[in-house]
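Read through the structure below, which is laid out as structure tokens, and then see the notes.
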Amino acid sequence: MVASLYPEAAGRHAVPGFAGAAGGTRRAMTTIDRIAEPWGTRTPYGPGESWPIRVDVRLEDGLGEAEVDRWVQSATVLHSNGDGLDIAVKDGRIVGVRGRAVDRVNHGRLGPKDLFGYQANNSADRLTVPLVRRDGQLVESDWETAMSAVTGRTQELLAERGPSSVGFYTTGQLFLEEYYTLALIGHGGIGTNHLDGNTRLCTATAAEALKETFASDGQPGSYTDIDDADVIALYGHNMAETQTVLWTRVLDRLAGPNPPQLICVDPRRTPVAAAATVHLAPKPGTNVALMNALVHEIVDHDWVDRDYVDRYTVGYDELVKQVADCDPDWAARICDLPAADIRAAASLIGHAERLLSTVLQGFYQSHQATAASVQVNNLHLLRGMLGRPGCGVLQMNGQPTAQNTRECGADGDLPGFRNWANDEHVEDLARVWNIEPAQIPHYSEPTHLMQMMRYVEDGSIRFLYVSGTNPAVSLPELHRIREVLSQDRLFLVVQDIFLSETAQLADVVLPAATWGEKTGTFTNADRTVHLSERAVDPPGQARADLDIFIDYAHRLGLTDKDGQPLVKWTDAEGAFEGWKECSAGRPCDYTGLTYDKLRGGSGIQWPCNDEHPDGTERIYRDGEFWSSPSYCETYGKDLLTGAPLDPVEYKALNPSGKAVFKAAEYLPPHEPPTTDFPYLLTTGRTLYHFHTRTKTGRAPQLQNAAPDVWVEMSVDDAARHGFGEGDLLRVSTPRGSVEAKLRISGIRSSTLFLPFHYGYWDTTGGHAPGDEAGRAANELTVTDWDPASKQPLFKTAAARVERIAAAEGPSPAPTTTASRPAAGDAVPGTNGGGRAAVVERFGVEESQR
């Protein structure tokens with residue numbers, strides 16, 4: 001049964017009355033275990049055709065759609081895909097979800113986290129009252145006491161030490177309106193440069209790679225490029241697990257006529273790799289060598305659109321010089337790959353008529369992250385494949401609202417993709433906020449998270465406000481992070497929906513509302529803006545993050561230069577209107593959007609304005625970039641050192657605002673294997689969980705599918721050690737150890753994999769900090785980051801393994817994913833049983849959409 005879950009057998013479902021896209025669609029439905037079958041039933045279609053509708057419905061046991069009191073419009077918040085859905089409400093409680101057939105992103109489909117993740121809203125251990133630390137313990141309090149403590153300490157530090165003593169660390173899961181309000185408070189009100197999001201851990205490189213090539217953030221491509229592409233290349237992007245519905249779209253193309261050819265770059269045999277025409281499994285840390293070889297081949301065989309390059313780009317000669325000696329034989333020795341496979345991948349790229357490329361954490365969380373990701377952009381510039389159907393780059397996001405943190409200035413940028421080094425941009429932002437330009441810190445780029453942690457460690461940041469994220473599990477070298485966050489001199493505020501590992505260390509904990517309990521907008525990885533309406537009330541005294549931020553600003557007495565409140569809105573729609581003014585005329589222009597326009601139909605892609613009233617499917621058509629020196633978001637950086645270019649250098653390089661080829665030499669990983677630590681450890685995600693499991697660990701179907709940590713090792717390596725499936729191993733790096741059961745999988749030799757989701761907090765019972773510290777992958781990762789994007793390195797650490805105990809059964813790793821056991825049917829298959837049953841409807845009539 002395990003094998004049937006992979007793409008080569010993905011069409012095995014026979015749906016009565018459903019002939020598939022090629023033969024015409026008739027109305028039909030089926031019920032399916034969507035834990036065992038994560039991508040659901042195939043609906044094949046061919047190039048240029050519309051992706052057929054399949055509406056997925058999941059309701060609590062025994063409940064029918066007609067028995068639901070209300071269906072409330074929203075979209076998904078447990079990955080970056082942005083699947084449109086409706087929330088089912090019964091007796092004031094969320095009881096299920098249904099995909100939106102009219103939505104451009106998913107055409108009604110939902111993934112496992114979409115279908116079951118809502119159950120976290122109803123969890124009995126939600127935070128419902130503020131907590132304040134008294135005599136070393138967190139005790140229940142009230143909003144007045146808690147907010148007085150938060151604002152009081154802020155004011156003390158501002159008076160004693162100034163704005164640089166205050167820092168904010170937010171998430172990629174709040175709403176646009178909340179990020180923008182937070183950026184206004186932090187940058188415009190308090191005047192601190194220390195504001196970042198946990199998007200630093202997942203998509204900082206996405207933003208930086210786009211900035212380096214196009215001088216601005218903003219995804220060039222569209223999800224609909226899957227419908228037209230004849231070659232799809234996925235670089236370090238296990239789409240099957242991180243964006244299950246998008247992978248479903250690829251699977252349906254593969255099952256239809258004239259399917260695309262796939263290139264997969266991943267050290268593990270993921271479902272993507274199993275479906276690929278060419279699977280490249282490089283040694284972790286060698287991505288730049290591989291990419292330089294692919295660029296070399298495109299240039300060497302003259303698979304270059306010279307007219308496009310000459311008209312729309314700069315830097316070509318430097319790129320050609322850099323890759324001149326980087327042939328596939330050279331790269332094969334570094335990457336430990338067959339040179340023939342590199343040539344085969346290059347040939348697919350070189351002969352593609354419509355090329356789509358996607359990039360994610362396998363590139364982003366490695367050293368030279370930006371350098372590797374930029375080479376993907378270079379391939380598209382060389383081939384002239386941007387701005388047309390099927391021709392796009394998606395430097396993917398990992399979180400549902402990561403794009404909003406970047407747009408709104410909550411993650412190391414200024415709002416509206418403004419350039420911190422351009423005084424005119426700072427003056428324009430000050431105009432929007434009605435403050436003096438000097439109030440907005442722009443003496444350097446906003447502080448990135450890892451530097452903020454060092455400032456906390458050395459005592460210059462004394463107040464840290466954490467909203468919606470869990471750094472005590474998600475940051476590298478956790479023993480150090482726990483020590484940093486536990487300092488007596490640090491005043492730690494945590495705003496969250498559960499008592500996370502980080503919240504347990506806080507001085508004040510503020511209970512927040514979550515998705516479905518508040519209204520706001522969020523933007524997915526292809527610039528699609530969705531509206532999420534409030535469906536139910538939050539539990540107890542929990543409040544929307546926006547309301548908490550507004551209260552904080554008012555208590556601090558933040559005003560504009562006319563003495564009026566700095567934050568002028570009182571609700572989400574007012575904040576959205578404020579953001580529209582800030583975005584006007586910038587690349588991420590929202591001025592053509594309203595809440596009413598987003599209600600009832602599909603999400604809409606920005607820019608949306610008078611020129612593009614229905615949104616913009618693809619940007620950079622006909623070489624029109626946002627890269628002119630006076631308009632661009634950034635002047636760029638050196639890819640090897642991270643040193644920023646100044647305005648004069650950039651203007652000399654790119655006076656006409658073209659796309660920029662950027663070259664980089666390959667450098668080896670910072671922590672190579674040694675005799676004592678002979679393996680390379682890489683960490684990552686699994687299909688059934690999101691981040692540190694604060695939500696998915698409380699959804700029974702998701703938690704049961706992947707209940708605990710495991711470690712993956714290749715067949716050859718396991719045989720050499722004499723290890724067997726399910727053996728309990730100790731994985732160690734120079735920083736610590738983790739105990740995990742072994743899954744012998746399709747991972748490349750000399751490489752280990754640990755999922756990073758598991759901290760020391762057991763969502764089913766609750767343990768004190770430290771009780772389970774031996775299962776968090778980030779006990780092992782290194783405090784280091786990419787020089788350009790400042791994204792931490794989670795993909796390369798030198799490690800060793802030893803067996804602690806023989807197996808008492810298989811590891812808890814899922815069998816439906818990249819963790820598929822090499823032994824196949826020898827391990828019981830992952831399934832959800834009747835509690836994971838989901839209705840799939842096909843050929844939905846207009847009235848049902």
Self-check item: Which numbered condition GLY99 misses (of (1) buried (at least 24 other Cβ atoms within 10 Å of the Cβ); (2) under 29 Å from GLY540 (Cβ atoms))
Solution: (2)
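Is there a residue in the stretch 826-834 that is outside the structural domain of VAL55 (by TED's automatic domain parsing), touching a helix residue (DSSP H, G or I) at 6+ places or on another chain (Cβ under 7 Å) and of a type outside the set (Asp, Glu)?
Taking the stretch 826-834 as the starting set, the residues that turn out to be outside the structural domain of VAL55 (by TED's automatic domain parsing) are 826-834.
Add one more test, that the residue is touching a helix residue (DSSP H, G or I) at 6+ places or on another chain (Cβ under 7 Å), and what stays is 830, 832.
Cutting the leftovers down to of a type outside the set (Asp, Glu) gives us 830, 832.
Yes, the stretch 826-834 has at least one match.
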Quiz prompt | Odd one out for TYR465, checked against (1) over 24 Å from the mean Cα position of the chain (by Cα); (2) outside any loop (DSSP other than H, G, I, E, B); (3) touching a residue at least 40 places away in the same chain (Cβ under 8 Å) | solution = (1)
Quiz item: Restricting attention to the stretch 476-491, does a residue exist that is in contact with a His (Cβ under 6 Å, 6 or more places away or on another chain), buried (at least 21 other Cβ atoms within 10 Å of the Cβ) and in contact (Cβ under 8 Å) with a residue 40 or more places away in the chain?
Solution: no
Self-check item: strands (runs of 3 or more DSSP E) enclosed by the stretch 51-100 - at least 2 residues per element that are more than 23 Å from SER123 (Cα to Cα)
Solution: 54-59
Exercise. Return the total of residues in the stretch 794-835 being surrounded by fewer than 23 Cβ atoms within 10 Å (Cβ to Cβ) and within 18 Å of HIS757 (Cα to Cα).
Key: 1
Quiz item: Between a first residue in the stretch 636-653 that is touching a residue at least 40 places away in the same chain (Cβ under 8 Å) and among the polar types (S, T, N, Q) and a second residue that is surrounded by 14 or more Cβ atoms within 10 Å (Cβ to Cβ) and not in a strand (DSSP E or B), which pairs have beta carbons less than 6 Å apart while being 6 or more apart in sequence or on different chains?
Solution: THR641/PRO787
Exercise. Answer yes if at least one residue in the stretch 552-568 is buried (at least 24 other Cβ atoms within 10 Å of the Cβ), of a type in the set (A, V, I, L, M, F, W, C) and either closer than 30 Å to ALA88 by Cβ or modelled with pLDDT under 95 (or both), and no otherwise.
Key: no
Quiz item: What are the residues in the stretch 29-50 that are crowded, with 23+ Cβ neighbours inside 10 Å and of a type outside the set (S, T, N, Q), if any?
Solution: ARG34, ILE35, PRO38, TRP39, GLY40, ARG42
Quiz item: Looking at THR205, THR224, which one is surrounded by fewer than 24 Cβ atoms within 10 Å (Cβ to Cβ) and in a helix (DSSP H, G or I)?
Solution: THR224
Practice problem: Spot the failing condition for GLY362; the list is (1) at negative phi; (2) assigned to a loop (DSSP other than H, G, I, E, B); (3) at pLDDT below 95; (4) not basic (Lys, Arg), and only one is missed. | Solution: (2)
Quiz item: Would you pick out the residues in the stretch 269-295 that are closer than 23 Å to LEU754 by Cα, in a loop (DSSP other than H, G, I, E, B) and in contact with a strand residue (DSSP E or B) (Cβ under 6 Å, 6 or more places away or on another chain)?
Solution: PRO284
Practice problem: Could you list all residues from the stretch 386-437 that are basic (Lys, Arg) and more than 27 Å from the chain's Cα centre (by Cα)? | Solution: ARG431
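The values are calculated or read from the model by the stated rules, or taken from the named source; none is laboratory data. Note that the coordinates shown come from a computational prediction; the quantities given were computed from them, not determined experimentally. For neighbour counting, all protein chains shown are included, and Cβ atoms are generated from backbone atoms with ideal geometry for every residue, glycine included.
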